[in-house]
Amino acid sequence: MNQLKVCKFGGTSMADGNVILSAAKIVKADPARRYVVVSAPGKRFGGDIKVTDLLYACSDCYEAGDLNAFEEAFGKICARFESIEKEIGKNLGMRAALDEVRSEILNGAGRDYCASRGEYLAAKIMAAVLEIPFVDATELIRFKPNGQLDEASFSLAGEVLKKYPQAVVPGFYGLGADGKVKTFSRGGGDISGSIVARAVAAELYENWTDVSGFYACDPRIVSSPKCIVELSYQELRELSYMGANVLHSESIFPVRSAGIPIRIANTFRPEDAGTYIVKSAHRRTGDDIVTGIAGKKDFCVISLEKSMMNAEVGFVGKVLSVIENHGISFEHLPSGIDTMSLVIDNAYLKNGILETILNEIKEAVHPDRLYIHENIALVATVGHGMANNIGTSARLFTALSKANINVIMIDQGSSELNIIVGVDNKDCDECIRAIYREFFKEEER
Ligand code: ASP
């Protein structure tokens, strides 16, 4: 087996000099950990500001032409990196590197360039601490003109990294089709780690963070939820898309097709086993039928009723063209013989767009009834085990009715991997707790 691991350290694992030294110790503890991908320094304590947020603030000031505010914001970034250098107790050349970044921003290098510098400087620091080469992400990761990841990055990064038996790579960015630095969406360092793992054909992609694995639900909603030992890529994708934010939901794509497992591990408790994300998690039975529960607020459900809808060729297509014409994508499309609903993220429906869409739908398909539910939360109960266990939905809905939760919409994914319920935003947390109690806590039922 190819003894090769890629480790990615998230923002809290890079937050100050001491934790960077702990991360470096983790890397050194296993010679297979040859490639390291890092995030920008994150929060050191509640109320602290992530370096990436400071950089976006700098960029805002620059774009607004307020140079005094820019200097003030940039000063905070300098202070952050200089204190890291001091804590590490080694000259890491931060002053010169920061001066260069400042002048590039002032020369109009762009917003993504500015946002990416937290990762760039963090990777320079990690490379100096580990005494291994720094390889810039612009040499490895490329984007297509439409802004999507260019999959040619896998072979490009593989070729480049072949020259380096060990390297530190900054996460979160690559080179755009216009030749400028381009970032992924927030939290995208996880995607960079996955691309590097794929490129070097790693045996394992280790994602080091500040939790000991992927929990069955958000610990802020249920205290000390079960830590999942193993879950499948698909379960992870469903849960992270629905708000479980341990890993970026797009980070599985590069490793999935190569079958490289991901391990979520805790930099602050490296001895903990963590969670493994694999191709097909063990079939679960009995109490393990549900793998996890996640919820996301702020959706709008547009529901239509029309007699004989099922017989009307092109009905759904006409409704979908209306939202397509407004550049809006939908999350779910539950339907019955005479009914259909569209679940849309509220973010798309600002500035009167909802009103316009409703009018256009009426005109396009003349429904008997058209109504909306606003401020809906979607709660997904996810698990491969659900397909094989009769009575899972009965248990779920009985638990919700016992908890007095009004279910506004139900959607079961066609793979039987998840059951999604739509509830009022205010019921979201209680809905998650009720499902958790039913499937994970025998004694509390
Ligand atoms: N630093 C970036 C962010 O805060 C990317 C990352 O941490 O993965 O979103």
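Here residue 66 and residue 390 are evaluated by their C-beta separation; at R0 = 51 Å the FRET efficiency comes out at 0.20. The alpha carbon gyration tensor of the stretch 94-192 gives principal lengths a ≥ b ≥ c with a/c of 1.5 or higher and a/b no greater than b/c, which makes the shape oblate.
Taking 37 °C and 0.692 mPa s as the conditions, I'd like the Stokes-Einstein D for the chain in µm²/s, using the Kirkwood hydrodynamic radius from alpha carbon pairs. Answer from the Stokes-Einstein relation: 138 µm²/s. Note: relative contact order over the stretch 31-84, using C-alpha pairs below 8 Å and six or more positions apart, is 25 percent.
Just want to confirm a number: the relative contact order over the chain, from Cα pairs under 8 angstrom separated by 6+ residues, in percent. Display every interim value, and only then the final one.
Values: 884 pairs, mean separation 58.0, N = 445.
RCO, the chain: 13 percent.
For the chain, the longest principal axis of the alpha carbon atoms and the long axis of helix 428-440 meet at an angle near 90°. Working from label points 7 Å from Cα in the Cα-to-Cβ sense, the residue 148 to residue 329 distance is 0.9 nm. Between 0 and 90 degrees, the angle of helix 152-162 with respect to the longest Cα principal axis of the chain falls at about 30 degrees. Please compare each pair in 43/296; 297/402; 86/296; 5/297 to a cut-off of 32 Å on the Cα-Cα distance and tell me which ones are over it. Cα-Cα > 32 Å for 86/296; 5/297; rest within. With R₀ fixed at 45 Å, the C-beta to C-beta distance from residue 28 to residue 356 puts the FRET efficiency at about 0.15.
If you average the sequence gap of Cα pairs under 8 Å that are 6 or more apart and divide by the length of the stretch 112-248, what percent do you get for the contact order?
That works out to 21 percent.
If r is the Cβ-Cβ distance from residue 404 to residue 370 and R0 is 22 Å, what FRET efficiency results, to the nearest 0.05?
Details: r = 29 Å, r/R0 = 1.30.
Computed FRET efficiency for residue 404 and residue 370 comes out at 0.15.
Could you tell me whether the stretch 1-157 comes out rounded, prolate or oblate from its Cα gyration tensor? Rule is a ≥ b ≥ c as square roots of the eigenvalues, rounded for a/c under 1.5, then prolate if a/b exceeds b/c, otherwise oblate. The partial results should precede the final answer.
Working: a/c = 2.05, a/b = 1.25, b/c = 1.65.
Cα axes put the stretch 1-157 in the oblate bin.
Taking 7 Å steps out from each Cα toward its Cβ at residue 337 and residue 311 produces label points 1.1 nm apart.
When each of the peptides 203-214, 361-372 is scored by how many other beta carbons lie within 10 Å of its residues on average, the order from highest to lowest is 203-214, 361-372. Would you please classify the overall shape of the stretch 56-97 from the alpha carbon gyration tensor, given that a ≥ b ≥ c denote the square roots of the eigenvalues, rounded means a/c under 1.5, and beyond that prolate means a/b larger than b/c while oblate covers the rest? Prolate, since a/c reaches 1.5 and a/b exceeds b/c.
Look at the dipole of the chain built from charges on Cβ: of 258, 377, 412, the Cα furthest out on the positive end belongs to 258.
Computed from Cα atoms, the angle from the helix 111-130 axis to the main principal axis of the chain rounds to 60 degrees.
Placing +1 on each Lys and Arg Cβ and -1 on each Asp and Glu Cβ, with no other charges, gives the chain a dipole about its Cα centre of roughly 1200 debye.
With +1 on each Lys and Arg Cβ and -1 on each Asp and Glu Cβ, and nothing else charged, work out how big the dipole of the stretch 265-401 is about its Cα centre, in Debye to the nearest 20. Don't skip to the answer; put the middle values down first.
Numbers: 12 positive and 16 negative charges, 78 e Å.
Dipole size: approximately 380 debye.
Bridge orientation summary for the chain: considering DSSP beta bridges with both residues in this region, about 60 percent are antiparallel.
No value in this document is a laboratory result; all are computed from the given coordinates. Predicted model, so just to flag it, every value in this text is computed and none were measured. Positions of Cβ are backbone-derived with ideal geometry, glycine not excepted, and every protein chain shown enters the neighbour counts.
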